[in-house]
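Sharing a structure with you now.
Just so you know, all these numbers are worked out from the coordinates, no wet-lab data involved. Quantities reported herein were computed from a predicted structural model and do not represent experimental measurements. Here the Cβ is made from the backbone with ideal geometry for all residues, glycine too, and neighbour counts use every protein chain on show.
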Amino acid sequence: MNLTLHVWRQKNRNAEGGFVTYEARGISPDMSFLEMLDVINEGLILKGEEPIAFDHDCREGICGQCGVVINGHAHGPRKATTTCQLHMRSFNDGDELTLEPWRAGAFPVIKDLIVDRCAFDRVIAAGGFITAPTGTAPDGNAILVPKPAADRAMDAAACIGCGACVAACPNSSAMLFVAAKIAHLGYLPQGQPERERRALAMVARMDEEGFGTCTNHGECEAVCPKQIPIEFIARMNRDFAKAALFAPRDRTAADGG
Amino acid sequence: MSSAASTAAIAQSPAESSRLARILGSSIGQKFVMAATGIVLSAFIVGHMAGNLTVFKGAAAINAYGAALRRIPALLWGVRAVLLLSVLGHIWAYLALSVKSWRARPKGYKVTAYKEASFASRTMRWTGPILAAFIVYHLLHLTTGTVHPSFRAGDVYHNLVAGLRVTWVAVFYIVAMGCLALHVFHGVWSMFQSLGVSQPRYESFARRLATIFTIIVVGGFVIIPIAVLAGLLKVQ
Amino acid sequence: MEIKSNSPTGPIEQKWTRHRFEMKLVTPANKRKYTVIVVGSGLAGASAAATLAELGYQVKCYCYQDTPRRAHSIAAQGGINAAKNYQNDGDSVFRLFYDTVKGGDFRAREANVYRLAEVSVNIIDQCVAQGVPFAREYGGMLANRSFGGAQVSRTFYARGQTGQQLLLGAYQALERQIGAGQVAMFTRHEMQELIVIDGRARGIVTRDMISGKIESHVADAVVLATGGYGTVFYLATYAKGCNTTAIWRAYKKGAAFGNPCYTQIHPTCIPVTGEHQSKLTLMSESLRNDGRIWVPKKSGDARPPDQIPEDERDYYLERKYPSFGNLSPRDIASRAAKEVCDEGRGVGPGGRGVYLDFAEAIQRLGVEKIRERYGNLFEMYERITDENPYKVPMRIYPASHYTMGGLWVDYNLMSTIPGLFVLGEANFSDHGANRLGASALMQGLADGYFIVPYTLTNYLGSNKFEKIGADHAAFRSGESATAARMEKLLGINGQRTVDSFHRELGGIMWEYCGMARNEKGLQTALQKIPALREEFWKNVCVPGDGEEINQALEKAGRVADFLELGELMCLDALERRESCGGHFREEFQTEDGEALRDDQNFCHVAAWEFAGAGQKPVRHVESLAFENVHLATRSYK
Ligand SMILES: Cc1cc2nc3c(=O)[nH]c(=O)nc-3n(C[C@H](O)[C@H](O)[C@H](O)COP(=O)(O)OP(=O)(O)OC[C@H]3O[C@@H](n4cnc5c(N)ncnc54)[C@H](O)[C@@H]3O)c2cc1C
Ligand code: HEM
Ligand code: HEM
Ligand code: SF4
Ligand code: F3S
Ligand code: FES
């Protein structure tokens, strides 16, 4: 099959970007979307042109490094699918595709389709963890975890940190990502001692990073490759409210905890 | 780059600020204000809609209702104060949240497409201000009478019917009610989500409530301008 | 070069406890005076960096992805072993130790393997405390499954995403230390050189993959946890970025390379569909618990599977290995698949595939049970192949999946360069010639959480370190060497892309140094690889410049190293004149085609020393003694 691609090209963080059109010829429906880009790039390289830069690593839908907005859809048209798992059979011969990077102030473009998502790491660093220094743990079965709680925690923990939720949200909100981490740790007994502090610290950091707010569009859930449900956002709001209103003050806050 | 994150340590404990400041300052706290004031406004329009319907029982009935509203000034002004605060709070939250979101995407997409976001949810930021404009006009129109062709203090029936007989005014009312429909259709569901009551987008109590609320309230409102246009309600 | 294992003496059960007591300590106040570099943020790297930081050392951590959470450990599906014996089915530290030594075909160091089994139990406790959502029973207890043909249920798992969950646990511990300012994290930084001063590892040179800057980083000790080198085969279950660069540069600075030819080819991967293929996807081994593997009896039988009657099917694993059947170890299952395909009985496009059939299991247990067990894997398969495994049998074929070989390390996980520690898949590891399922996650976390924090402290505590600045001559020359290398790659402007070279190298490796090897083939490969390498340096085309993100340049650097490593792998395979585990030399097999070990002459680790460009590397040996598990022929019949 043959396709026409309009691809966002941008030399670096500060450069002005623009769209460039490429023809993709003789594409096999069995190719993955990224393999289709590989083919185009091979051609560009042999012409001595710079290949299209795009992020990827595992190419099996688990590392969360890939991500392209295809005709306005983060990760493309297919439900519960990362860009790397998208296959060309999801498109038709002659299709025109517009390829854009994640667009959000908190995710600056650093080249072509590659953005900088370190804001997510900083949100995790602010509180997305359980303080359990190595060697201090009790036996794995010392604290029982009801199966439903473990399953729910796993649903939330399935997040791969790809950022598609931010890319797709009309408000560029990171609520789904943050809510998923808060829910993952919040469903487990081990996560309770830091539950309030985690919610406050992560939400504060999320705001500082300049993500947008949530008006409950639900677009994030729709594009999420791991189908993280927005119920978790409601849950985060609840946790935040409880913490903000009733949490006992943390006197040692000064020393960074 | 996250070596930047590493060079500066990150606050792992919430800063010591007053609880109120923490809530009003955060995007989630502002959602709470939005929702809380949304509840008040929603509750008001239910009652208001019901009161308006007395117009069909005739001039006497609705004028009596209007008079009743005014019997205890303290109560009247109390209600007005709450309403005013709610609208102001609602608008403040709207501005605070919207500014955050606009800042959050300096450069937009060339192609935009939606999988899930509804027309109602995407137009909240337009239906809201339109409602604000409507309220202002509406107060000048039927409460103070400033912009009313033949305002008679106390004669609610006359003011209403005479006021809405002017076609473009009636149309404006109807359009405004269309906006209200969209606004509460998303808003009332959204409220639950914002207040932390997890509710699936479909097949949930919140969704049904929002739908029914929209039909009843907006239906109850628009029927009046329509009735006037249709000549079912005449000036005596 | 001297290859000393430094295993403590005494009974195996007491070695680690005794050693821990005898090792030197560093007082809390002094810890902050030491800087430790950890290259890699996978299970091994992240757990080590977090733990070392918790202890109080200044840690610098590096990864090539945009965040530490994306290390390829994330892709591990099946699970992690631990000798908890929660199932009360007779498991024990000794049994896990025994199984691992036997599974590795008696080519691993007993003392290390025993220690691994010993700390395995602490790993589970640690991960649970961090919030890893392991599968649970209704009573709230941890659930287990039997994996990779083990006779006890000792595998802990989190759906089909065990590696992801374990890595997120380690990543969160790491981020906590980053937030606290104890760890400086450098993402999108690729290690280019190891810096050795006065015979000790004192730092690294990296390339900032965003700005192209070449930077020096000084430390008192360096830890490499950079993963496996299986992408040398081009098509592999590894991530595209997995590379050998870090350990290869260390090798060239004097770190011995252990058993480079030991690679694991995993039997259950989705077959290749065409030239464009850029990677292969693993289908978790757990599928073999219910799926039956078969091919047509007739060669060249083109009928669709459902039209091939039962008596014309060959369930070859069940036939050859009655007692283990479809659960026989990976090396055996993979080789068997290759054989039947070589006989022209393979299925699917290109005839390089065998059926993994669930029809019988679905009849026996019902679709629902199967969906509950393998739902996500079946979806993944359908997404890739567009075939519905509930209706038609899956097609699978072996693919490069793990490298048992890696930098040689002693009992303290220290390489032959003092101060250079190597963890996880990057070291030559505790798996001997074949790794059992669910044991690599265990090893990575054991190394990072529970072993290197002690042994590295011991090293720091027993040595004096003079201050060194990044302006030291050794760093300067490391930087210029790296810069020169980049210049060279950018300057060739040839006619072929990096990928085309990588594909060709992969083809050679797969053909001659893959599942079955023989002298003639290896000799051929040893001709072809240097020739290909020569062409690479004359004819590769790398557009763009070095001042910003340049993915072609990144690939080029990695492939250049693979082109050297491949040769060493073939050399090692050639010199190991026996068959053991994943290393199958056709000349050395029993009459019924099983691996034939030669314990007389090859019961040892081969540790290769770099002898300079163009020189044949020197093969040292560390002989292996088996005092607790007695040398025997593996039999899964
Ligand atoms: C598909 C798949 C499934 C698997 N399933 C299982 C399983 O079920 N059970 C099991 O026990 N094992 C499994 N394994 C094996 C296991 O996952 C790996 O062996 C293990 O996770 C390796 O961890 P690591 O920390 O050593 O390396 P990795 O996790 O690969 O981490 C390597 C790190 O080093 C960094 N790095 C690499 N090169 C450089 C460089 N030059 N400069 C800077 N940084 C660099 C990378 O950025 C990364 O952070 C599986 C492997 C694969 C591929
Ligand atoms: C077709 C729709 C509507 C009609 C016919 C209508 C009619 C009226 C009338 C007749 C009054 C005067 C009552 C009195 O003075 O006793 C009034 C007052 C008012 N209406 Fe409406 N209304 C409508 C919609 C709305 C809506 C949607 C809102 C809110 C968003 C609203 C807010 C108010 C307010 C705040 C007052 C002033 C009450 C007071 O005296 O404090 N109205 N309306
Ligand atoms: C009759 C008057 C009004 C009613 C009944 C009403 C009701 C509501 C409700 C129930 C919500 C949901 C709150 C939430 O999701 O948390 C909401 C949201 C919103 N309102 Fe209003 N509102 C009214 C007037 C206004 C006005 C005057 C504005 C703006 C000037 C406005 C702007 C918004 C916006 C932007 C939202 C979206 C916020 C969100 O969904 O999170 N509304 N409104
Ligand atoms: S919530 Fe979903 S979309 Fe958002 S980062 Fe996680 S996996 Fe990606
Ligand atoms: S799309 Fe955006 S508005 Fe909220 S529900 Fe998702 S974050
Ligand atoms: S490349 Fe890893 S998720 Fe797509």
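Please report, largest first and rounded to whole Å, the three semi-axes of the ellipsoid equivalent to segment A:197-254, where each semi-axis is the square root of five times an eigenvalue of the C-alpha gyration tensor.
Its equivalent ellipsoid spans semi-axes of 26, 13, 10 Å.
Follow-up. Which number do you get for Rg(Cα) / (2.2 N^0.38 Å) in chain C?
0.93
I need the P(r) histogram for the protein assembly as shown: all alpha carbon pairs, bin width 20 Å from 0 out to the longest distance, whole percents.
Binned Cα distances yield the sequence 12, 39, 32, 12, 5, 1.
For residue C:279, list the lysines whose Cα falls under 18 Å from its own Cα; do not include residues on the same chain fewer than 8 positions away.
C:240, C:555
Can you work out D for segment C:475-616 in µm² s⁻¹ from Stokes-Einstein, where Rh is the Kirkwood radius over C-alpha pairs, the temperature is 25 °C and the viscosity is 0.890 mPa s?
So the translational diffusion coefficient is about 144 µm²/s.
Working from Cα positions, state the angle (0 to 90°, nearest 10) between the long axis of helix C:519-539 and the longest principal axis of chain C.
In chain C, helix C:519-539 runs at an angle near 50 degrees to the longest axis.
Let me ask something else. Could you state the number of Å between the C-alpha centres of segment C:527-568 and segment C:347-384?
Segment C:347-384 and segment C:527-568 have Cα centres separated by 39 Å.
How far, in degrees from 0 to 90, does helix C:367-385 lean away from the longest principal axis of the Cα atoms of chain C, to the nearest 10?
70 degrees
While we're here: Could you list, in their original order, any pairs among C:4/C:24; C:213/C:528; C:33/C:60 whose Cα atoms are separated by more than 25 Å?
Violating the 25 Å Cα-Cα cut-off are C:213/C:528.
What would the Debye equation give as log₁₀ I(q)/I(0) for segment A:155-257 at q = 0.12, 0.23 Å⁻¹, counting only Cα atoms as equal point scatterers?
The Debye formula, applied to the Cα set alone, gives -0.39, -1.24.
Something else now. So if I restrict to the alpha-carbon atoms in segment C:277-426, what is the Rg, and what is Dmax, the biggest pairwise distance, in Å?
Rg and Dmax of segment C:277-426, Cα atoms, are 18.7, 63 Å.
Continuing with the same structure: When the convex hull of the C-alpha atoms of segment C:71-215 is computed, what volume per residue in Å³ does it have?
168 Å³
Where both partners of a DSSP beta bridge lie in the protein assembly as shown, what percent of those bridges are antiparallel, to the nearest 5?
70 percent
Among B:102, B:126, B:92, which one moves the most in a GNM of chain B with springs linking Cα atoms closer than 10 Å?
B:102
Taking the inverse of the average 1/r across all pairs of different Cα atoms in segment C:479-548, what Kirkwood radius in Å do you get?
Taking the inverse mean of 1/r over all distinct Cα pairs, segment C:479-548 comes out at 13.6 Å.
Within chain A, how many Lys pairs sit with Cα atoms under 22 Å apart, leaving out pairs fewer than 8 places apart on the same chain?
9
Looking only at other chains, what is the average number of their beta-carbon atoms within 10 angstrom of each beta-carbon in C:278-290?
Taking the mean over all residues of the peptide, I get 2.
Then there's this: Using the alpha carbon gyration tensor of chain B, what are the three equivalent-ellipsoid semi-axes (square root of 5 times each eigenvalue), largest first, in whole Å?
40, 21, 17
Another one. Count the DSSP beta bridges whose two residues both fall in segment C:1-157, then state the antiparallel fraction as a percent rounded to the nearest 5.
The antiparallel proportion sits near 45 percent.
On to the next question. Where Rh is the Kirkwood radius over the Cα pairs of segment C:230-363, the temperature 4 °C and the viscosity 1.567 mPa s, what D in µm²/s does Stokes-Einstein return?
For the chosen part, D equals 77 µm²/s.
Out of A:39, B:184, C:210, whose Cα points farthest toward the positive end of the dipole of the protein assembly as shown (charges: +1 Lys, Arg; -1 Asp, Glu; placed on Cβ)?
Result: B:184, furthest along the dipole toward the positive end.
Using a Gaussian network model on chain B with a 10 Å cutoff between Cα atoms, which of B:222, B:99, B:156 fluctuates the most?
Its mean-square fluctuation being the largest, the pick is B:99.
Assuming 0.890 mPa s and 25 °C, estimate D for segment B:1-97 with Stokes-Einstein, Rh taken as the Kirkwood radius over Cα pairs, in µm²/s.
This corresponds to a translational diffusion coefficient of 143 µm²/s.
Still on this structure: Please list, in order along segment C:469-485, the HN-Hα scalar couplings obtained from phi with the Karplus expression 6.51 cos²θ - 1.76 cosθ + 1.60 (θ = phi - 60°), rounded to whole Hz, x for Gly and Pro.
x, 5, 8, 4, 3, 4, 5, 3, 5, x, 5, 5, 4, 5, 4, 4, 4
Between A:195, A:13, A:103, where does the largest GNM mean-square fluctuation fall for chain A, given springs only between Cα atoms within less than 10 Å?
Fluctuation is largest for A:13.
Right, next: Please identify the chymotrypsin sites (Phe, Trp or Tyr not before Pro) of segment B:152-236 that satisfy two criteria: DSSP loop assignment and at most 13 other Cβ atoms within 10 Å. Which are they?
Here the chymotrypsin sites (Phe, Trp or Tyr not before Pro) that fit, given the DSSP loop and packing criteria, are B:202.
Take chain A, mark every one of the GluC sites (Glu not before Pro) that falls in a DSSP loop and has at most 15 other Cβ within 10 Å, then report the longest stretch left between them, sites excluded.
So the longest stretch without any such site is A:50-257.
Here's a follow-up. Under 28 Å Cα-Cα from residue B:234, which lysines qualify once same-chain neighbours fewer than 8 residues away are excluded?
Cα-Cα hits under 28 Å: B:57.
As an exercise, identify the GluC sites (Glu not before Pro) in segment C:495-561 lying in DSSP coil whose Cβ has no more than 13 other Cβ atoms within 10 Å.
Counting only loop positions with at most 13 other Cβ atoms within 10 Å, the GluC sites (Glu not before Pro) in segment C:495-561 are C:547.
Shifting gears a bit: On alpha carbon coordinates alone, what is the Rg over Rh value for segment A:67-124, Rh being the Kirkwood radius?
That ratio is 1.04, to two decimals.
Then there's this: Using the Cα atoms of segment B:133-177, I'd like the radius of gyration and the largest Cα-Cα distance, Dmax, both in angstrom.
So, for segment B:133-177, Rg and Dmax equal 9.7, 27 Å respectively.
What whole number of Å gives the distance from the Cα centroid of segment A:210-232 to the Cα centroid of segment A:16-84?
24 Å
How big is the gap, in Å, between the Cα center of segment C:110-155 and the Cα center of segment C:36-66?
23 Å
Another question about this same structure. With the Cα gyration tensor of segment C:1-148 in hand, give its eigenvalues times 5 under a square root as the equivalent ellipsoid semi-axes, listed largest first in whole angstrom.
28, 24, 17
Looking only at Cα atoms, what is the convex hull volume of segment C:1-74 per residue, in Å³?
Convex hull of Cα atoms, per residue: 164 Å³.
Restrict the search to segment A:47-81; then list the trypsin sites (Lys or Arg not before Pro) that DSSP places in a loop and that have at most 12 other Cβ atoms within 10 Å of their Cβ.
A:47, A:79
What share of all Cα pairs of segment B:137-210, in percent, falls into each consecutive 5 Å distance bin?
Distribution as computed: 3, 15, 19, 13, 9, 9, 11, 10, 8, 2 percent.
A further question on this structure: Compute the angle between helix C:43-55 and the longest alpha-carbon principal axis of chain C, please, reported from 0 to 90 degrees and rounded to the nearest 10.
40 degrees
Once all Cα-Cα distances of chain A are split into 10 Å bins that start at 0, what whole-number percent is in each one?
Percent of Cα pairs in each bin: 7, 28, 30, 19, 11, 5, 0.
Would you list which lysines come within 17 Å of residue C:391, measuring only between C-alpha atoms, while excluding same-chain residues fewer than 8 positions from it?
Within reach: C:369.
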